[in-house]
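Reviewing the structure listed below.
No value in this document is a laboratory result; all are computed from the given coordinates. It should be emphasised that the depicted structure is a prediction, and the values quoted were computed from it without experimental measurement. Quick reminder, even Gly has a Cβ in these numbers, built from the backbone with ideal geometry, and neighbours come from all protein chains shown.
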Amino acid sequence: MTDDYYPWGGEFTACEPQGCVAVALLNIQYNPPKSVAIYGSLKTENIGIEKIIANTISNPWVRFLVLCGDDIRGHRSGSSLIALHKNGIDHNHRIIHAPGAIPYIENLKEEAIKRFQAQLNVIDLIGEKQKEKIDAVIAECIRKTPPVFGEPYIAIRLKPQATVNLTDNRALHSRILIDYLGKIKKRGA
Amino acid sequence: MVDREIPLIKAKKTIEKDVILDPQGFFIIEVDNKSIRVEYYSNVYKNKQIVSGVLQKAFTGIKADALSDTIAVHVPSLRPEHYLYLGRELQKAQLAFEQQKKYIQGGC
């Protein structure tokens, strides 16, 4: 299930597949209610943000992204994500007006960013660390029961690759012995 | 009388500011309850500084040795200290995976 909904994968917890809330955790120890679709930590203002975008627009049921906890010092990942949602990126792939040190989006097309801006409502709870308050905001989002946002948008999919097992020493030719790297180890009898 | 003298070199950790970043790219290692995942990125430079990476390949497994061998085949030409760093980190990741503990990727 997880791979279908979140094809890039990553360090996150998938909960209710048709939940409408995703939660990005900044500097905070907090477990959201299991009624959310997905939650996980946001660390970096470049690849970290890209993964959140890819793993939310791939599930059209997700309509809210709640950011909570203290922003990451130096990276300012939470504030950079809000800037991306508001302003997009410039011709240099830099998030416009992002406060982070290196807020560059290199793995997503502009279309994916536009989809993120249209599909998700970002709820800015940066600085908020009280569980009761965050739970209440999440519950309020869920109560709104927003409609599903069309078809999934798959920005990146990890495609399993067939691997050839060459770990044995059987002769592929009666007089040639091949090693595990496929190199000729011995010729002749 | 000594037939041969062999250099005995005392180990010294390279301090962080002297670490040379690999021009071939970098890796992100993550551990979840199913596997260890390694993503390989090529560097993205802006003003001669590495600011991000483009995802090139991803690897999954549960053993450091299998991941190390596979990465060495699929990502050739890294700096030697980068391969050694990967080996160390993957061993830590395997330990975290087996003991179901949180893994945080360390620096070089």
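Among the listed pairs A:Lys51/B:Lys34; B:Lys63/B:Lys102; A:Lys51/B:Lys102; A:Lys159/B:Lys101, which are separated by more than 22 Å between their Cα atoms? Beyond 22 Å: A:Lys159/B:Lys101.
When both the range B:63-108 and the range B:30-45 are represented by their alpha-carbon centers, they are found 10 Å apart.
Of B:Glu16, B:Glu89, B:Glu81, which is the most mobile in a GNM of chain B whose springs link Cα atoms less than 10 angstrom apart? Among B:Glu16, B:Glu89, B:Glu81, the largest mean-square fluctuation in the Gaussian network model of chain B belongs to B:Glu16. Using every pair of separate Cα atoms, the Kirkwood estimate puts the hydrodynamic radius of chain B at 15.6 angstrom.
What the Cβ-Cβ distance of B:Leu21 and A:Tyr30 gives, at R0 = 35 Å and to the nearest 0.05, is a FRET efficiency of 0.55. Directionally averaged projected area (the protein assembly as shown, Cα convex hull): 22.7 nm². Against chain A, whose longest principal axis is taken from its Cα atoms, helix A:77-87 shows a tilt of about 70°. For A:Lys133, put the label point 7 Å out on the Cα→Cβ axis and report which residues of the range A:63-107 keep their amide N under 11 Å from it. Counting backbone N atoms under 11 Å from the label point, the list is A:69-70. Pairs of Cα atoms nearer than 8 Å and 6+ residues apart set the relative contact order; for chain A it is 22 percent. The angle separating the long axis of helix B:80-99 from the principal Cα axis of greatest extent in chain B is about 60 degrees. With springs only between Cα atoms under 10 Å apart, run a GNM on chain B and tell me which of B:Lys48, B:Lys92, B:Lys63 wobbles the most. Highest fluctuation of the listed residues: B:Lys48. Size of the range A:2-143: Rg and Dmax of its alpha carbons, in Å, are 13.8, 41. With neighbour counts taken as other beta-carbon atoms within 10 Å, the residues A:Ser58, B:Ser35 rank, fewest first, as B:Ser35, A:Ser58. Applying 1/(1 + (r/R0)^6) with r as the Cβ-Cβ distance of A:Arg187 and B:Glu98 and R0 = 35 angstrom yields a FRET efficiency of 0.25.
To the nearest ten degrees, helix B:64-74 and the longest principal axis of the Cα atoms of chain B are 90 degrees apart. Taking 7 Å steps out from each Cα toward its Cβ at A:Asn92 and B:Gln56 produces label points 2.5 nm apart.
Placing +1 on the Cβ of every Lys and Arg and -1 on the Cβ of every Asp and Glu, with no other charges, gives the range A:2-143 a dipole of roughly 180 debye about its Cα centre. With a 10 Å cut-off around each Cβ of B:53-62, the average count of Cβ atoms from other chains is 3.
Each Cα pair under 8 Å and six or more residues apart adds its separation to the average, and for the range B:25-99 the resulting relative contact order is 29 percent. For the range A:18-68, the set of trypsin sites (Lys or Arg not before Pro) satisfying both a DSSP loop assignment and a count of at most 13 other C-beta atoms within 10 Å is given as A:Lys34.
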